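Participant: Handing you this structure, nothing more for now.
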Number of protein chains: 2
Amino acid sequence: MREITLADLDDIATGAAVLGTGGGGDPHIGRLLAASAVREYGPVKLCSLEELPDDAALVQVAMMGAPTVMVEKLPSVDQVSAAAGALSGHLGSGLTHIACAEAGGVNSLIPVVAAAQLGLPLVDADGMGRAFPEIQMVLPTLYGVRATPMAIADEKGNRAVLDTVDNHWAERLARSATIDMGCSAMISSYAMSGAQARDSLVPGTLSLCAELGRLVREARAAHADPVAAVVARLGGSTLFTGKVTDVERRTVTGFARGTATLSGLDGDAGSALTLRFQNEYLVAEVDGRVRATVPDLICTLDRESGEAVTTEALRFGQRVTVIAAPADPRWHTPEGLALAGPRYFGYDLDPVGANG
Amino acid sequence: MREITLADLDDIATGAAVLGTGGGGDPHIGRLLAASAVREYGPVKLCSLEELPDDAALVQVAMMGAPTVMVEKLPSVDQVSAAAGALSGHLGSGLTHIACAEAGGVNSLIPVVAAAQLGLPLVDADGMGRAFPEIQMVLPTLYGVRATPMAIADEKGNRAVLDTVDNHWAERLARSATIDMGCSAMISSYAMSGAQARDSLVPGTLSLCAELGRLVREARAAHADPVAAVVARLGGSTLFTGKVTDVERRTVTGFARGTATLSGLDGDAGSALTLRFQNEYLVAEVDGRVRATVPDLICTLDRESGEAVTTEALRFGQRVTVIAAPADPRWHTPEGLALAGPRYFGYDLDPVGANG
């Protein structure tokens, strides 16, 4: 894939929602915004990490906030670019590329919107290889790349440029601003060079999203099993198939937190799965035994269509298959686990990998 | 007064604390910081509004947060200038003058610190003619001057530059950042020209502070009544003399809020005064009858020494005289009252003036 056209957006949205592990926002919203931008400004050039010049000037663009709110407060194309524009103005130098902070329904496609409107190529990579809820939770943090200067913008026209002593402080100040802005805002952060991007980003994310989307679409067309196709491509495993029997969620401190309970179907009949989430699915327990945790990916897919079900879209009665897939291995280092392991999220658990 | 020297700081701090109406921070802290800066960098030139060039480039410098916290977390001289430096960097043009946001123990002297360190003259004026708790509560707001771009800085090295759609949004975002920063931060805001300053600021504030301080000092030396000297100079009135019998205070959403009760002495024996405050004294009731409200100044002075007692320094058993004095008349316009009248602060009261 050398550029992203209108025809690619459905597959990318489908695949990004899988890697979003329940977070990263509603893929339908991301697709609508990206389609609107590509229709107006034309296709977006895609640039691999290998072909990125060392002195390229990248910034990440993302939506910050509670996915439960994003679905009610749709951003405009202009708002998406406002954060990147404010950051570029602060940096006082031109940007050459846009990058993705994370893989997720909205946050894989928001950068497409920014790249289209700003007329810049998009880097085929992201900072996580999945979605995570907080700003400092990107691999560039492990490489000493600073989240700030970062810009934050709301739909009313408010802007802030933050410059903090570390990436945790960037999260803290940006989170408060996001809450003030109505629990949903656009951010632009992690300005870095092409050389830094090549070291620290996860390569090929948008291509992988498009491929996952294509696999799901083709399996459906062939009356094959789309979930199995996803599991095979990601080198993961199937944890559980069941029906959603209970969802408890609350929006606290700008996050969508909660727990979902599933009762087993087919081979899992008689068992129960508990999913714990904070924007993303973080822990999966079958009959009280922890079967998978962050940093590995826990994805909930519609059993028939293979479409990912975000944490905010979980509903009583849905029949889903929960799968696990390995994260970028750098998330399993001591530094990676300190940043985004189960204990950081408040679970007193050792990490449990996707493949046991 | 053509410049502010070490010898002037005591009088300015005393007078500023009177105009601070209980807020604006501990005058002792302001004096310590200013003394340290003047000792290191030399006296600060004072510039009247009349002699300010039309094309002067001013910014206000102030401390934001709960005065109860300021006394525990003393800022450094460097931190004071950090906010002005960040704002100047954002504006991309040099500053020519520093101005005061408000009159108050800390916030009349913090600009002295900034002016000394940056080697800039200080404008003999302020944005309120008193102290108020929120950023938008300055006369420049009534003239359409924008609070933003504004910079905020903490003692750890975190910075933010805000650009908001109106001055209420500046307050909202800066308040959240201040709370994150530990309920006390340095801000720089209301960048304006000399012409705008002449229109919108209250003239002569630092001279008035110094004069009030001198009057109090001289009255004490002559065994005369310092409180009467302050009342006469401000054209105000004495509301009540009494002993503090109860103080209830809490730090909420970054403010020091509370109520104090005084039982009358001398001619007020048998009566009780209730003072309601939110950083500043806002409402004074004698025996249940409202005798004075914002926007006029309600000042609590030690009965013997004439020194102002800030809301955070109020203690059981203190013997004080509560006085009222007229605010700048622009605060009594409908627009001024909408910004800082009793109803804005949540009291369902018409404003009651200092002289009945």
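Participant: Condition check: within 26 Å of B:Gly204 (Cβ to Cβ) and part of a strand (DSSP E or B). Does B:Leu273 satisfy that?
Facilitator: no
Participant: Quick check on my filter: what residues within the range A:10-33 are under 21 Å from A:Met128 (Cα atoms), assigned to a helix (DSSP H, G or I) and not aliphatic (A, V, I, L, M)?
Facilitator: A:Asp11, A:Thr14, A:Gly15, A:Pro27, A:Gly30, A:Arg31
Participant: Same structure again: From A:Arg291, A:Arg319, A:Arg315, A:Arg343, which residue is of a type in the set (D, E, K, R), at pLDDT below 95 and more than 18 Å from the chain's Cα centre (by Cα)?
Facilitator: From the options A:Arg291, A:Arg319, A:Arg315, A:Arg343, the qualifying one is A:Arg315.
Participant: Looking at B:Ala86, B:Ala7, which one is over 18 Å from the mean Cα position of the chain (by Cα), more than 23 Å from B:Glu155 (Cβ to Cβ), modelled with pLDDT of 90 or more and part of a helix (DSSP H, G or I)?
Facilitator: B:Ala7
Participant: Then there's this: When residues of the range B:275-291 are filtered for being touching a Leu at 6+ places or on another chain (Cβ under 9 Å) and farther than 14 Å from B:Arg257 by Cβ, how many remain?
Facilitator: 6
Participant: Would you pick out the residues in the range A:101-121 that are of a type in the set (Gly, Ala, Ser) and surrounded by 24 or more Cβ atoms within 10 Å (Cβ to Cβ)?
Facilitator: Hits for the range A:101-121 are A:Ala101, A:Ala103, A:Gly104, A:Gly105, A:Ser108, A:Ala114, A:Ala115, A:Ala116.
Participant: For the subset of the range B:260-285 comprising residues that are among the hydroxyl-bearing types (Ser, Thr, Tyr) and either modelled with pLDDT under 95 or touching a Gly at 6+ places or on another chain (Cβ under 7 Å) (or both), which member is farthest from B:Val18 (Cα to Cα)?
Facilitator: Here the answer is B:Ser271.
Participant: May I ask you to say which residue of B:Ala219, B:Ala191, B:Ala224, B:Ala195 is in contact with a strand residue (DSSP E or B) (Cβ under 9 Å, 6 or more places away or on another chain) and either assigned to a helix (DSSP H, G or I) or modelled with pLDDT of 95 or more (or both)?
Facilitator: Only one candidate qualifies: B:Ala191.
Participant: Being of a type in the set (S, T, N, Q) and part of a loop (DSSP other than H, G, I, E, B) is the filter; apply it to the range B:124-180 and report the residue that is nearest to B:Pro75 (Cα to Cα).
Facilitator: Checking each candidate, the answer is B:Asn158.
Participant: Continuing with this model, one more query. If you check A:Asp225, A:Asp163, which single one turns out to be out of contact with any Asp or Glu (no Cβ under 7 Å at 6 or more places or on another chain) and surrounded by fewer than 20 Cβ atoms within 10 Å (Cβ to Cβ)?
Facilitator: On inspection, the qualifying residue turns out to be A:Asp225.
Participant: Can you tell me which of B:Thr164, B:Thr205 is touching a strand residue (DSSP E or B) at 6+ places or on another chain (Cβ under 8 Å), at the interface with chain A (Cβ under 10 Å from one of its Cβ atoms) and of a type in the set (S, T, N, Q)?
Facilitator: Going through B:Thr164, B:Thr205 in turn, just one is touching a strand residue (DSSP E or B) at 6+ places or on another chain (Cβ under 8 Å), at the interface with chain A (Cβ under 10 Å from one of its Cβ atoms) and of a type in the set (S, T, N, Q): B:Thr164.
Participant: Inside the range B:1-23, can you point out the residues that are under 23 Å from B:Arg39 (Cα atoms) and touching a residue at least 60 places away in the same chain (Cβ under 8 Å)?
Facilitator: B:Met1, B:Ile4, B:Asp8, B:Leu9, B:Asp10, B:Asp11, B:Ile12, B:Ala13, B:Thr14, B:Gly15, B:Ala16, B:Ala17
Participant: Hey, among the residues in the range B:294-312 that are over 27 Å from B:Val138 (Cα atoms) and of a type in the set (D, E, K, R), which one's farthest from the chain's Cα centre (by Cα)?
Facilitator: Filtering first and then ranking leaves B:Glu304.
Participant: Are there any pairs, at least 6 apart or on different chains, whose C-beta atoms fall under 6 Å, with the first in the range B:327-350 and on the phi < 0 side of the Ramachandran plot and the second among the small types (Gly, Ala, Ser), and if so, which?
Facilitator: Filtered contacts from the range B:327-350: B:Asp328/B:Gly129; B:Arg330/B:Gly336.
Participant: For the range A:260-287: of the residues being in contact with a Pro (Cβ under 9 Å, 6 or more places away or on another chain) and among the polar types (S, T, N, Q), which is surrounded by the most Cβ atoms within 10 Å (Cβ to Cβ)?
Facilitator: Per the criteria, the residue is A:Asn279.
Participant: Go through the range A:83-100 residue by residue and tally those that are surrounded by 24 or more Cβ atoms within 10 Å (Cβ to Cβ) and either within 14 Å of another protein chain (Cβ to nearest Cβ) or aromatic (Phe, Trp, Tyr) (or both).
Facilitator: Selection size over the range A:83-100: 2.
Participant: I've got another one for you. Would you say B:Ser48 is touching a Gly at 6+ places or on another chain (Cβ under 9 Å) and of a type outside the set (A, V, I, L, M, F, W, C)?
Facilitator: Considered against the rule, which asks whether it is touching a Gly at 6+ places or on another chain (Cβ under 9 Å) and of a type outside the set (A, V, I, L, M, F, W, C), B:Ser48 comes out as yes.
Quick grid of which residues meet (1) within 20 Å of B:Ala125 (Cα to Cα); (2) touching a Leu at 6+ places or on another chain (Cβ under 9 Å); (3) assigned by TED's automatic domain parsing to the domain that holds B:Gly306:
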| site | (1), (2), (3) |
| --- | --- |
| B:Val18 | yes, yes, no |
| B:His28 | no, no, no |
| B:Leu46 | yes, yes, no |
| B:Leu49 | yes, yes, no |
| B:Val59 | yes, yes, no |
| B:Met64 | yes, no, no |
| B:Ala82 | no, no, no |
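Participant: Of these, B:Ala210, B:Ala222, B:Ala197, which one is more than 13 Å from chain A (Cβ to nearest Cβ), without any contact (Cβ under 8 Å) to a residue 24 or more places away in the chain and over 25 Å from A:Gly157 (Cβ atoms)?
Facilitator: The unique qualifying residue is B:Ala222.
Participant: Limited to the range B:175-194, what total is found for residues that are closer than 17 Å to B:Thr251 by Cβ, within 14 Å of another protein chain (Cβ to nearest Cβ) and of a type outside the set (Val, Ile, Thr)?
Facilitator: The number of residues fulfilling the criteria is 8.
The values are calculated or read from the model by the stated rules, or taken from the named source; none is laboratory data. Note that the coordinates shown come from a computational prediction; the quantities given were computed from them, not determined experimentally. When we count neighbours, we look across all protein chains shown, and the Cβ atoms used for this are built from the backbone with ideal geometry, even at glycine.
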